[in-house]
Amino acid sequence: MREAIKEAARACLHLTVGAAVSLLCCLMAGVALFTSVVTLTVIGAGVLPESVLLLRRLAGWERRRTAAWTGAPVPEAYLPLEGPLPARVRTAVGDPGTRQDLVWAAAQLLYGLVLWYLSLLLWTPALLVDGVRTGLAGRRPVALPLVGRLAGLAADWSRTLLTPSPSAARDAALAARIEQLTATRAGAIAAHGAELRRIERDLHDGAQARLVALSMRIGLARRAYDSDPATARRLLDDAQTQAEEALAELRHVVRGIHPPILTDRGLTGAVRALAASSGLEAAVSVTGLGDHDQDGPRAPAAVEAAAYFVVAEALTNAAKHSGAARASVSLAREPAALRVRVRDEGRGGAEAGESGGSGLTGMRRRVAALDGTVRLTSPSGGPTVIEVELPCVW
Amino acid sequence: MRVVIAEDNALLREGLVLLLTSSGHEVAGVAATGPEILPLLLEHRPDVAVLDVRLPPGFRDEGLRAALAARERLPELPVLVLSQYVEETYAAELLGGGARGVGYLLKDRVGRVDEFLDALERVAAGGTALDPEVVTELMARRRDDPLDSLTPREREVLELMAQGHDNGTIARSMVVTERAVHKHIGNVFLKLGLPPTDSGGHRRVLAVLAYLNA
């Protein structure tokens, strides 16, 4: 009996809050009326999206309440209200979620109050009936659980009215995805632009300048050719040195854009080469990628290059700063990402001191440009683990 | 010498042919793609093959693969591999079957004509030519005491040995006598704890590289 009373009290509380929601819906009706008037007279179109957001918050509250009561979440699907005012107004009006919320609000206004009222009416007779049943006849209470049934009814109706239709849910999911893609694409384009400018600057200040100097020396050598062979010879020596330096510079730039060994051997082969020349005892494990140089699926070139630089940087740091003799590298293909993990058994503490520095910053920037994530754990005493996830479609 | 060349870039191919013929060598055959190389080598049996790493059809490491295949089919054929960039891994693969008659150089080195021809002849004679950049990388990686205990002169001697030079060339490029070089080499081997090798050939290169790679 005590249990039954507790249950009924809980249900009653739920219905009471529901009644409060109903009152807010009533207020909302006022807001809707005001909004339609000012919107139709055009002066206050800006109010409309705000009202819709208010309605969404109210509906969101009811969803959470219903979810808490029934123990199952109520899905939510709205088109994002963004952009300039006309676009926001269009979305707010066109969103099926708005219509659904309005229908719910109207219904809630009725059933919220009615069910609450019924539950209040039920209390006195239910207590009497069940008191007699359990106290005298020793049977189970039957009237008090009816209050719970009322609360269940309220939750069921709210759920039915607030669950978005499958097509609306799909639309909202697509809209959210588009929004996310737009943002990451803008980021990728910006990163790409910055990269192009960096390459342009490298070529301009490096190889190009050296080639100009080289051409000048050859010109001077030609002029000195007959009159002063010794000077001409010295100038030609200089010119050759300049040419070699320009070539070295170009090689450096090319490696920074896309390491040639990636083209030759794929990511697996290139990472194995890095491990072999790291000066560490570095084991490489590969899952889901071609283990032998050129076969197997390949990630997009930009992703492979980023993964390569991550491994190169991590192994360089491990060899230079960690004091480790051993490291392990793993590459794994995931359904929509490439996962790179480098672990060394060194003294840890990376990022805290000198060992953090520009290398790790550069790594983070490169990975972020591809919408990837970097996780670094390096407790003092080691081990240092760098884990990078680069989203990509295979 | 009779030379077979594999190079897809027409400018560089003509340059190489000009360079070789004007220094008294004969270009027996020219390949522009990877798959052409092995049949050409089998047909002409040249004294040395000069192969570019990146070639059609895949523009990856066709030339290197052809070089490795050639070393299996024609173990006595000296091969000099040229590339726009050097990779330690490729050097290790080329030296996997021994250092006899193997060369691996940056294309840049062709510009120093005398040094390039010197390396080519060394390879053709069964010696070794390893690009200074590969050696520098190997040296930079080892930061242990024996290497640190070398004097700058001895370091230089070690680098030149690893590149495949014999004592005469080392003496000339360092502008010292061969006796001085001999003494330096003795010290290097002593300090690194390597068994003394008197021959300046490919065995010495392998011994030095094995030490650097350990």
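Right, B:D47: at pLDDT 95 or above, under 21 Å from A:L250 (Cα atoms) and touching a helix residue (DSSP H, G or I) at 6+ places or on another chain (Cβ under 7 Å) or not? When the stated conditions are applied, B:D47 does not pass them. Candidates are the residues of segment B:83-99 that are in contact (Cβ under 8 Å) with a residue 60 or more places away in the chain and hydrophobic (A, V, I, L, M, F, W, C); the one that is farthest from A:V271 (Cα to Cα) is B:A99.
Does B:T136 count as within 14 Å of chain A (Cβ to nearest Cβ) and hydroxyl-bearing (S, T, Y)? Before the answer, list the steps.
On the way: within 14 Å of chain A (Cβ to nearest Cβ): yes; hydroxyl-bearing (S, T, Y): yes.
Here the answer is yes, as B:T136 does meet what is asked.
Only a single criterion out of (1) farther than 30 Å from A:L113 by Cα; (2) in the same structural domain as A:G71 (by TED's automatic domain parsing) is not satisfied by A:A232, namely (2). In segment A:239-258, the condition of being outside any helix (DSSP H, G or I), within 30 Å of A:G372 (Cβ to Cβ) and out of contact with any strand residue (DSSP E or B) (no Cβ under 8 Å at 6 or more places or on another chain) is met by at least one residue.
Within segment B:100-125, residues that are under 16 Å from B:E7 (Cβ atoms) have Cβ atoms under 6 Å from residues that are of a type in the set (K, R) and surrounded by fewer than 24 Cβ atoms within 10 Å (Cβ to Cβ) in these pairs: B:F116/B:R109, counting only partners at least 6 apart in sequence or on another chain. Screening B:A92, B:A66, B:A99 for residues that are more than 10 Å from every other protein chain (Cβ to nearest Cβ) and within 24 Å of B:E115 (Cβ to Cβ) leaves exactly one candidate, B:A99. Filtered by the rule that a residue be within 13 Å of the chain's Cα centre (by Cα), more than 14 Å from every other protein chain (Cβ to nearest Cβ) and farther than 14 Å from B:D52 by Cβ, segment B:69-89 gives a lone residue, B:P78.
Within the set B:D52, B:D61, the sole residue that is surrounded by 21 or more Cβ atoms within 10 Å (Cβ to Cβ), within 21 Å of B:D114 (Cα to Cα), within 14 Å of chain A (Cβ to nearest Cβ) and touching a helix residue (DSSP H, G or I) at 6+ places or on another chain (Cβ under 8 Å) turns out to be B:D52.
Filter segment A:368-382 for residues that are in contact with a helix residue (DSSP H, G or I) (Cβ under 9 Å, 6 or more places away or on another chain) and within 20 Å of A:H321 (Cβ to Cβ); which is surrounded by the most Cβ atoms within 10 Å (Cβ to Cβ)? Write out each step before concluding.
First, the residues of segment A:368-382 that are in contact with a helix residue (DSSP H, G or I) (Cβ under 9 Å, 6 or more places away or on another chain): A:368-374, A:376, A:378, A:382.
After this cut, where a residue has to be within 20 Å of A:H321 (Cβ to Cβ) as well, the list is A:374, A:376, A:378, A:382.
On the way: A:V374: 18, A:L376: 16, A:S378: 23, A:G382: 18.
Taking the candidates together, the pick is A:S378.
The set of residues in segment A:42-66 that are surrounded by fewer than 17 Cβ atoms within 10 Å (Cβ to Cβ) and within 26 Å of the chain's Cα centre (by Cα) comprises A:L53, A:R57, A:G60, A:W61, A:R64.
Say we look at segment A:270-308 and pick out the residues that are away from chain B (no Cβ under 14 Å) and in contact with a Pro (Cβ under 8 Å, 6 or more places away or on another chain); which of these is modelled with the highest pLDDT? Of everything passing the filter in segment A:270-308, A:A305 is modelled with the highest pLDDT. The residues of segment B:124-158 that are in a helix (DSSP H, G or I), closer than 25 Å to B:A180 by Cα, of a type in the set (A, V, I, L, M, F, W, C) and within 12 Å of the chain's Cα centre (by Cα) amount to a single one, B:V135. Only one of the numbered conditions (1) surrounded by fewer than 22 Cβ atoms within 10 Å (Cβ to Cβ); (2) in contact with a Leu (Cβ under 6 Å, 6 or more places away or on another chain); (3) among the charged types (D, E, K, R) is violated by B:E14, and that is (2). In this structure, is A:E351 within 14 Å of chain B (Cβ to nearest Cβ), charged (D, E, K, R), outside any strand (DSSP E or B) and farther than 22 Å from B:R142 by Cα? Answer is no for this residue.
The values are calculated or read from the model by the stated rules, or taken from the named source; none is laboratory data. The structure displayed is predicted, hence computed values, not measured ones. Because the Cβ atoms are built from the backbone with ideal geometry, glycine has one as well, and the counts that use them run over all protein chains shown.
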